[in-house]
Amino acid sequence: MTRYKKQDPEITRRKFINAALGAGAAVGTVSLVTTLGAAKPAFRLTPDKAPPQPGDILVHADASKEGQPIKMSELSEQGVSAWPMGKDKDGNNVIRKAEPNNQLAVFRFEKDRFKAPEEGGHAHVVLELDGITDQGVVVYSSICTHAGCPVPNDPNDATKLFCGCHSGQYDLLQGCKVIGGPPPRSMPQVPVEMKGDQLVLKDTFVTAPFGFLNEADWETYLEQVKEILG
Amino acid sequence: MNQWLDDRLHISRLNDKFLRKAFPVHHSFFLGEITLFSLIVLILTGILLALSYEPSNSLVVNSFDPGTKANPNLVPAAYHSALKINAMPFGDMLRRIHHWMANIMVAAAVIHMMRIYFTGAFKKPREINWWIGMLLLIFASLTAVTGYILPYDNYAYNTVKVIYAITKSVPWIGDWAAQAAFAGRFPGDGIIPRIYGYHIMLLPGILLALTGAHMLIMIKQKHTQPQYAKRLAYKKIVGVPLMTQQTPIMLLLVLLFTGLVVLFSAFIPVHSVEYYGPPSTQAISSIKPDWYLLWVFGALAIIPGFEWEVLGGVISAEFVGAMIFPGIIMAAMFAVPMLDRSKENMYYAENPTNHPVRLAAGVAFLVMMIVLSVAGYKIELIQGGLLTTANANAILWILTIGLPIVSYFAVLGIVRMIRALREADERDALAHAHADD
Ligand code: HEM
Ligand code: FES
């Protein structure tokens, strides 16, 4: 017989320990998850990462000539790799190459060979004919909309692009519409015009480039960019 | 000395418990060991590489080709350090051994797995180790893929771009997940430190933990016994003890094996970072993953492009090809032990021909993997004129589905035929035996 009569506790020891463990585990998990959140750094947009902007000048992307404006005489059916070059707040030139998806390719065909993209195939294709200069210079993204490989001309047919990664094919004369392989969308065009002897962009990508899920995702990003860069 | 240690650490109990573990004597049981040895060599060579590797994608002047003052030749520090490792005495060799070992580790694991599957060793009670083995295979591939990215040459750069895109293609959470996994929008400033952390801390840690569990469970449950053990001593564990009989065999194996790998590392170069150069805008004509991921690559190549919007998320061909489809394959492999519903514990490795359906299904599965891997060479097949752009997908799809079916029935047929012949022989022998009486 003990001197103290044991009172029935309101909850059993087992219950208490289980509840305490559960609460501990929950708090622990939540705090761990929040620290994991820090794995994603904040988004900082600098002018060299901004997408092509109207008024940007096209400059060479090849290491040997990087930063030199592209001249008409250098253009042919074989794509010339280019970066858009804009200005930062202080008016200094910035090549927008910190965003690899800004890589562009410049081609030249006779202007009357371009035609409105035929119906059929997936996703909508936009070809702005007045974004092609009178000399037939057209600018597209150079980055495959499928998995982001840079795409060269098709070795068998210069009017096409052939992606070496998973054999995506695009028709340069039809707004870079997908004509084969897995790419989900056409290569977006970037309208250009000739100003003096420089190629100047009139707009950014006309449809969503690689790296964006769909048009809505791209539009949201453009708005974000506008907000940050002013 | 032994006594001194034993008084303090009770070594003899360890000896009884683990060091006397019986190892069955059969060459197919060395495959798992080879996988283990490769892991150890990878860790050793990895540590040596990590001493000289610089995990950063900040740009530095390339000291081998500095360019001019006005126009310096800037390359990522990681790439630069890979060049420096190559220039170090024995440095290139280290990279080669590490690289080849990574391939061999995955290969040995795959063949080891085939042994387990075809002899039915995954059955009760060894299901858990099959699942752990699956995880090992998956994490070993992830480790190898992250390792590939570390030299940060143009090839690595384009590979990680593809992996980023695949992560981003997960509906709803992909964008966030990709930025979290790769330290920001591609190519984030911290991408190489991040991958380095995965490759040398997180993933090897996981691999070691899983390997430890795999070994402990194996020791606890004992190996399945080869058939000869049944004849020698039914339901008794037959084999040679780890200490001391198995140990020299293992040592010989590890020395011979590492020696061989070092030998061919000396002659066969690996992925040359100099050839691909630093990340650039240059297209790489044919980018391929390592052989054990070619099947995913092949699936991606033959799935036509599409995008469906579902509840605000986008289900793309990318996601289906690189996540859903391999997910299904992995799930099927995980489910293998569930196919066997026997309650009995399994003691003896089974003769594959006594289980023709399992054998045939396994062969069909391997055939499908091989066809898909060949589909990874679609571009080469088209350029080589074997297929055309128009018919490539259709033909490859037919082969992907058709060849496994054909091989399934072929294996079944062959096995049945062999068994029928064997039984007829036995009957014959019996009949003659009677006639002799
Ligand atoms: C366990 C499985 C492992 C696998 C499958 C693996 C695989 C790889 C592969 C394929 C590469 C690319 C090699 C090249 O092309 O140069 C690599 C690079 C590297 N690994 Fe590992 N590795 C493993 C473990 C480790 C460990 C444990 C460490 C360090 C403690 C490590 C450190 C490194 C380093 C520093 C590099 C970059 C070296 C360079 O390429 O210049 N690895 N790894
Ligand atoms: S990246 Fe171009 S087809 Fe896949």
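For the reader, a short list of remarks on this structure follows.
- The set of residues in the range B:39-69 that are in a loop (DSSP other than H, G, I, E, B) and within 9 Å of ligand 1 (Cβ to nearest atom) comprises B:TYR53, B:PRO55.
- Within the range B:402-435, being in contact (Cβ under 8 Å) with a residue 24 or more places away in the chain and under 30 Å from A:ASN156 (Cβ atoms) holds for one residue alone: B:LEU403.
- Unmet criterion (only one of (1) modelled with pLDDT under 90; (2) surrounded by 21 or more Cβ atoms within 10 Å (Cβ to Cβ); (3) away from chain B (no Cβ under 12 Å)) for A:CYS165: (3)
- Residue within the range B:139-160 that is among the acidic types (Asp, Glu) and more than 14 Å from ligand 1 (Cβ to nearest atom) present: no
- Qualifying residue in the range A:156-176 (condition: over 27 Å from B:LYS288 (Cβ atoms) and out of contact with any helix residue (DSSP H, G or I) (no Cβ under 8 Å at 6 or more places or on another chain)): yes
- Check on B:SER63, surrounded by 13 or more Cβ atoms within 10 Å (Cβ to Cβ) and away from ligand 2 (no atom under 16 Å from the Cβ): no
- Flag if A:ALA116 is away from ligand 1 (no atom under 16 Å from the Cβ), more than 10 Å from chain B (Cβ to nearest Cβ) and modelled with pLDDT of 85 or more: no
- Set A:GLN224, A:GLN135, A:GLN198: member being within 18 Å of the chain's Cα centre (by Cα) and surrounded by fewer than 22 Cβ atoms within 10 Å (Cβ to Cβ): A:GLN224
To keep it simple, each residue is scored yes or no on (1) touching a residue at least 40 places away in the same chain (Cβ under 8 Å); (2) closer than 24 Å to B:THR388 by Cβ; (3) within 17 Å of the chain's Cα centre (by Cα).
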position	(1), (2), (3)
A:ILE70	yes, no, no
A:SER81	yes, no, yes
A:LYS89	yes, no, no
A:ASN101	yes, no, yes
A:PRO152	yes, yes, no
A:CYS163	no, yes, yes
A:GLN169	no, yes, no
A:CYS176	yes, yes, yes
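- Cross-chain or 6+ apart pairs with Cβ under 9 Å, the range B:85-105 first and over 22 Å from B:ASN62 (Cα atoms), then more than 9 Å from ligand 1 (Cβ to nearest atom) and outside any helix (DSSP H, G or I): B:ARG96/B:ILE268; B:ARG96/B:PRO269; B:TRP100/B:ILE268
- Of all residues in the range B:386-400 being among the hydroxyl-bearing types (Ser, Thr, Tyr) and within 11 Å of chain A (Cβ to nearest Cβ), the one that is farthest from A:SER167 (Cα to Cα): B:THR388
- Looking across the range B:155-207 at every residue that is within 16 Å of ligand 2 (Cβ to nearest atom) and not in a helix (DSSP H, G or I), the one that is surrounded by the most Cβ atoms within 10 Å (Cβ to Cβ) is identified as B:SER169.
- Among the residues making up the range B:179-210, those that are within 9 Å of chain A (Cβ to nearest Cβ) and either closer than 20 Å to A:ASN102 by Cα or in contact with a Gly (Cβ under 7 Å, 6 or more places away or on another chain) (or both) are B:GLN179, B:ALA183, B:GLY184, B:ARG185, B:PHE186, B:PRO187, B:GLY188, B:ASP189, B:GLY190.
- Qualifying residues in the range B:245-272 (those that are among the hydroxyl-bearing types (Ser, Thr, Tyr) and under 21 Å from the mean Cα position of the chain (by Cα)) - the one farthest from B:TYR152 (Cα to Cα): B:THR258
- Against the list (1) surrounded by fewer than 18 Cβ atoms within 10 Å (Cβ to Cβ); (2) outside any loop (DSSP other than H, G, I, E, B), the condition B:LYS124 fails is (2).
- Test: residue in the range B:353-370 that is among the polar types (S, T, N, Q), free of Cβ contacts under 8 Å to residues at least 24 places away in the same chain, surrounded by fewer than 18 Cβ atoms within 10 Å (Cβ to Cβ) and assigned to a helix (DSSP H, G or I): yes
- Number of the exception - A:LEU104 against (1) aliphatic (A, V, I, L, M); (2) farther than 29 Å from B:PRO289 by Cβ; (3) touching a Phe, Trp or Tyr at 6+ places or on another chain (Cβ under 9 Å); (4) within 14 Å of chain B (Cβ to nearest Cβ): (2)
- Residue match in the range A:159-178 (condition: within 23 Å of A:LYS202 (Cα to Cα) and among the polar types (S, T, N, Q)): yes
- Output for the range A:139-149, where each listed residue is at the interface with chain B (Cβ under 8 Å from one of its Cβ atoms) and farther than 22 Å from A:VAL200 by Cα: A:HIS146, A:ALA147, A:GLY148, A:CYS149
- Restricting the range B:210-232 to residues that are under 19 Å from B:MET113 (Cα atoms) and of a type in the set (Gly, Ala, Ser), the residue that is surrounded by the fewest Cβ atoms within 10 Å (Cβ to Cβ): B:GLY212
- The range B:15-39, residues that are surrounded by 15 or more Cβ atoms within 10 Å (Cβ to Cβ) and either without any contact (Cβ under 8 Å) to a residue 40 or more places away in the chain or of a type in the set (A, V, I, L, M) (or both): B:LEU19, B:ALA22, B:VAL25, B:LEU31, B:ILE34, B:LEU36, B:LEU39
- Those residues of the range A:32-80 which are more than 11 Å from chain B (Cβ to nearest Cβ), polar (S, T, N, Q), in a loop (DSSP other than H, G, I, E, B) and surrounded by fewer than 15 Cβ atoms within 10 Å (Cβ to Cβ), in sequence order: A:GLN68, A:SER76, A:GLN78
- Every condition in (1) more than 23 Å from B:LYS288 (Cβ to Cβ); (2) surrounded by 15 or more Cβ atoms within 10 Å (Cβ to Cβ); (3) among the small types (Gly, Ala, Ser) is met by B:ALA375 except one, and the failing one is (1).
- The range A:188-197: number of residues that are under 16 Å from A:TRP83 (Cβ atoms) and at pLDDT below 90: 0
- Restricting attention to the range A:209-230, the residues that are of a type outside the set (Phe, Trp, Tyr), outside any helix (DSSP H, G or I) and free of Cβ contacts under 8 Å to residues at least 24 places away in the same chain total 3.
- Counted residues, the range B:234-270 - those being assigned to a helix (DSSP H, G or I) and surrounded by 11 or more Cβ atoms within 10 Å (Cβ to Cβ): 18
- Single residue of the range B:78-97 satisfying the filter (crowded, with 18+ Cβ neighbours inside 10 Å and more than 27 Å from the chain's Cα centre (by Cα)) that is nearest to ligand 1 (Cβ to nearest atom): B:SER81
- Screening the range B:134-147 for residues that are hydroxyl-bearing (Ser, Thr, Tyr) and surrounded by fewer than 22 Cβ atoms within 10 Å (Cβ to Cβ) and picking the one that is farthest from the other protein chains (Cβ to nearest Cβ) gives B:SER141.
The values are calculated or read from the model by the stated rules, or taken from the named source; none is laboratory data. The structure presented is a predicted model; accordingly, all values stated were derived computationally and were not measured. Cβ atoms come from the backbone with ideal geometry, glycine included; neighbour counts cover every protein chain shown.
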